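Asker: Below: one structure in structure tokens.
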């Protein structure tokens, strides 16, 4: 199969970022700059690689888990594998993420406002939320929504 026979995909994600006023907010984004090329064998659609030091961890948020207002510890991709959880930004937008719904948490360096700072989060439903988290050792950006294309 060639790239001419395969429509170019788009990978949706949410970006929790810090705006110019240093408050967290969500924006819906999509990775669209994908290339048709071989990684190891047959060609496939590939996005840009993020390089540099990173860590991967797996976490289980138990039923009823709640994280009060806080910033992400580092810029990080959060990918729920099972269960669901919500994240609420300082602008009041609350999103629920289930299996495969990815977001990039980059709300470091927020300015507290009205008792809010960063985001709050918690589990949804009656099953734990299992997540894979990929944290990067990089300086967080400010006012750079949808920086992964």
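Asker: Among rounded, prolate and oblate, which fits the stretch 65-149 when a ≥ b ≥ c are the square roots of the eigenvalues of its C-alpha gyration tensor, a/c under 1.5 means rounded, and a/b larger than b/c means prolate?
Answerer: Numbers: a/c = 1.94, a/b = 1.24, b/c = 1.57.
Cα axes put the stretch 65-149 in the oblate bin.
Asker: What's the exposure ranking of 57, 41, 24, 121, going from fewest to most Cβ atoms within 10 Å?
Answerer: Taking fewest neighbouring Cβ atoms as first place, the list is 41, 57, 121, 24.
Asker: Still on this structure, please answer the following. Only bridges whose two residues both fall in the stretch 11-136 count here: according to DSSP, what percent of them are antiparallel, nearest 5?
Answerer: Antiparallel: roughly 90 percent of the beta bridges in the stretch 11-136.
Asker: Something else now. Working from the alpha-carbon coordinates of the chain, get Rg over Rh, Rh being the Kirkwood radius.
Answerer: Numbers: Rg = 16.6 Å, Rh = 16.4 Å.
Result for the chain is an Rg/Rh of 1.01.
Asker: Another one. Considering the chain as a Gaussian network with a 10 Å cut-off on Cα pairs, which listed residue, 45, 65, 85, attains the greatest mean-square fluctuation?
Answerer: 45
Asker: Below 8 Å, C-alpha to C-alpha, sequence gap of six or more: please give me the relative contact order for the chain in percent.
Answerer: Worked out over the chain, it gives 34 percent.
Computed from the coordinates by the stated procedures, all read-outs in this text should not be read as laboratory data. Only a predicted model underlies this, so the values are computations on that prediction, with no experimental measurement involved. Backbone-built Cβ (ideal geometry, glycine too); neighbour counts: all protein chains shown.
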